[in-house]
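Student: One structure is given below, represented as structure tokens, and several questions about it will come after.
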Amino acid sequence: MSDVIPAPVSIHPARDEDFVISPSSVIAVSGGDAAQPAATWLAAMLRRGTGYAIPIVPATEARQSAIALSLDDAGASLGDEGYRLTVTDAEVRIQANAGAGLFHGAQTLRQLLPPEIEAESSEGTVQWVVPGGEIIDHPRYRWRGAMLDVARHFFGVADVKRYIDLLALYKCNVLHLHLTDDQGWRIAIASWPRLATVGGSTAVDGDPGGYYSAAEYRDIVDYAAARCINIVPEFDAPGHVNAALAAYPELSCAATPPALYTGIEVGFSTLCLDKPLTDRFLDEVIGELAALTPGDYIHIGGDEAKSTQPADYNAFVQKLTRIVFDHGKVPIGWAEISKAPLSAGVVAQYWDVNDAGRSAHAAAAQGIEVILSPANRCYIDQKYDATTQLGLTWAGPVSVRDAYDWEPGDYGVPEPQILGIEAGLWTETLRTMADIEYMTLPRLAGIAEIGWSQQSAHSWDTYRQRLATHAERWEAMSVNFHRATDVDWTQG
Ligand code: IFG
């Protein structure tokens, strides 16, 4: 039980109470529709791994070997995402106040099973033993996210779903999709069709472009929702807009239409801000993103607007955040937006450790909530060490230990204003799912633990041993993870 990542709040083993999942085991559900996503997900995972039927039955009908998922008053301290997992030789029981709690309990149950449960087909020779005992658990922060940059290089729906699967394993609950940048526009906007057809036609180094249709984006949203993960779309402005300007030169102030861009420089592009057309563009893009996104948040970027006049920048931030609120969503911006006076409710995301925390302090001073993504801890696009072929270096190297051994409270943001943490995976140098997996694991697991587990559970020396046991699981999942040298993988 002690190898579960993120570390649960409390673990009470009872080794004489092991439960064995057998061909007659059922999933017994009580609590109505909200219990279904967890039940459906758990049944699919157990059926695939064990080869057993694992029917889902109402709790009232369960007679034998039951894995009970019950939505009931499991105690206010668990909140909506926490759970109580109890394992005896007679039954497994997951209790929670809401569906997300059941789903997170199912992820813990998954990690208690032999790693072979992750395989695409059942081995037939494994004893599916769940160690007896009780786990009571709930998260430290509400926002445990990962950002995937699909603009520098495009990744299709199947890759994004695979990434969502990795996030679910570690109880992350947000996938922030960086949909637009200088090199690519990756979401179809019906009222501005060339954004995707022209702006999405290429990628860094001239690699293949691509974009999500509205239907494909909704498919991603629904797949994430079934795993209690919220999709947060990012439309980055006023900088990082070259793809949009190449599609619609009238959005640029430049006399000559900007060409499509396949390099990896930043800060050279800006929307032309004092144009009614730009206002219509902002409103219609945000309007369509809001209509496609059931989640509460839309990310407006705001980073590295080096070609935007500072006074214009502040007015722009206020205008765009207002537009997002007007479309019923909550705006998030990279923490530079804190240069502008922000209305209550706006969220800032701190990333740029080169500013010595100034933008985090500015956001904290405005009393708004902050998501912490300090690049020298959370940017998993950075090399692990000097030998890493993939990745950038400006904030790195970021070792497995660097990604784990930090404290969100050390950035000058009072604990009540820390909304949570988020890993960032920029894809200037990443082209395949194998590249994404290599940079993501093991480091994501540590960032997820920082977001979920109590500060008192934080210990690199014990974490690195617990982490080593996850290699078998990643192998069973066919994940192309990196055997980082700061972990002793023989402990696994
Ligand atoms: N900073 C840029 C990203 C990306 C990154 C690579 C932010 C908010 C460096 N902006 O991080 O577009 O280029 O590590």
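Student: Compute log10 of I(q)/I(0) for the chain with the Debye formula, placing one identical point scatterer on every Cα and leaving out solvent, at q = 0.06 Å⁻¹, to two decimals.
Tutor: -0.27
Student: Can you list residues from other chains, or at least 5 along the same chain, whose modelled amide H is less than 5 Å from the amide H of Asn230?
Tutor: Val174, Leu175
Student: Okay, next question. Going by Cβ distance under 4.7 Å, what cysteines of the chain have no possible disulfide partner?
Tutor: So far as the 4.7 Å Cβ criterion goes, Cys172, Cys228, Cys378 stand without a partner in the chain.
Student: Given charges of +1 on the Cβ of Lys and Arg and -1 on the Cβ of Asp and Glu, with all other atoms neutral, how large is the dipole of the chain about its Cα centre, in debye to the nearest 20?
Tutor: Dipole size: approximately 320 debye.
Student: Please give the Cα centre distance for segment 414-484 versus segment 333-354, rounded to the nearest Å.
Tutor: 25
Student: Within the chain, how many Lys pairs that are eight or more residues apart, or on different chains, come under 20 Å at the alpha-carbon?
Tutor: Counting lysine pairs in the chain gives 7.
Student: Applying the Karplus parametrisation 6.51 cos²θ - 1.76 cosθ + 1.60 with θ = phi - 60° to the phi angles of segment 105-110, what ³J(HN,Hα) value in whole Hz is obtained for each residue in order, glycine and proline being reported as x?
Tutor: Once θ is set to phi - 60°, the couplings for segment 105-110 become x, 5, 5, 5, 4, 4 Hz.
Student: Quickly rank 410-419, 266-275 as a protection proxy: mean count of other C-beta atoms within 10 Å, highest first.
Tutor: Taking the mean over residues of other Cβ atoms within 10 Å, the ranking is 266-275, 410-419.
Student: Sort out for me the Cα centre separation of segment 167-196 from segment 39-58, rounded to whole Å.
Tutor: 32
Student: So what's the angle, to the nearest 10 degrees on a 0 to 90 scale, between helix 276-292 and the longest Cα principal axis of the chain?
Tutor: 10
Student: What's the angle, to the nearest 10 degrees (0 to 90), between helix 36-50's Cα axis and the longest principal axis of the chain?
Tutor: It is inclined by approximately 60 degrees.
Student: Quick one: P(r) of segment 288-407 from all Cα-Cα pairs, 10 Å bins, percents rounded to integers, in order of increasing distance.
Tutor: Bins of 10 Å from zero give 13, 37, 31, 17, 2 percent of pairs.
Student: Residue by residue through segment 398-410, what is 3J(HN,Hα) from phi via Karplus (6.51 cos²θ - 1.76 cosθ + 1.60, θ = phi - 60°)? Round to whole Hz and write x for glycine and proline.
Tutor: Result, ordered by residue: 10, 6, 4, 5, 4, 6, 9, 8, 8, 10, x, x, 8 Hz.
Student: Another one. Roughly how tilted is helix 157-169, in degrees to the nearest 10 and between 0 and 90, from the longest Cα axis of the chain?
Tutor: Between the helix axis and the principal axis of the chain, the angle is about 50 degrees.
Student: Rounded, prolate or oblate for segment 33-180? Axes are the square roots of the Cα gyration tensor eigenvalues, ordered a ≥ b ≥ c, and the cut-off for rounded is a/c under 1.5.
Tutor: It comes out oblate by the Cα gyration axes.
Student: Please work out how much length the chain gains when fully extended from Asp205 to Arg483, using 0.36 nm per residue of separation minus the C-alpha to C-alpha distance, in nm with one decimal.
Tutor: Value of the extension gain: 97.3 nm.
Student: Mind jotting down the distance between the C-alpha centroids of segment 293-315 and segment 67-99, whole Å?
Tutor: Using only Cα atoms, the two centres lie 41 Å from each other.
Student: Which FRET efficiency value, to the nearest 0.05, is calculated for Gln454 and Cys253 with the Förster distance at 56 angstrom and r the Cβ-Cβ distance?
Tutor: 0.65
Student: Also: Grab the other residues whose beta carbon is less than 10 angstrom from that of Glu449, score K and R as +1, D and E as -1, and report the net.
Tutor: +4
Student: Let a ≥ b ≥ c be the square roots of the eigenvalues of the Cα gyration tensor of segment 414-492; is it rounded (a/c under 1.5), or, if not, prolate (a/b larger than b/c) or oblate?
Tutor: Taking the square roots of the gyration eigenvalues as a ≥ b ≥ c, segment 414-492 is oblate.
Student: Would you mind classifying segment 39-84 by shape? Square roots of the alpha carbon gyration tensor eigenvalues, ordered a ≥ b ≥ c; an a/c under 1.5 is rounded, otherwise it is prolate if a/b is larger than b/c and oblate if not.
Tutor: The shape class here is oblate.
Student: Using helices alone, what [θ] at 222 nm do you get for the chain, with -39,500 (n - 2.57) per DSSP H run of 4 or more residues, divided over all residues and rounded to the nearest 500?
Tutor: The per-residue figure over the chain is -9000 deg cm²/dmol.
Student: How many nm separate the modelled label positions at Asp16 and Asp296, each set 7 Å beyond the Cα in the direction of the Cβ?
Tutor: About 4.7 nm separates the two model spin labels.
Since every read-out is calculated from the coordinates, none of them should be taken as a lab result. Values in this document were obtained by computation on a predicted structure and should not be read as measured data. Reconstructed Cβ throughout: ideal geometry from the backbone, glycine too, with neighbour counts over all protein chains shown.
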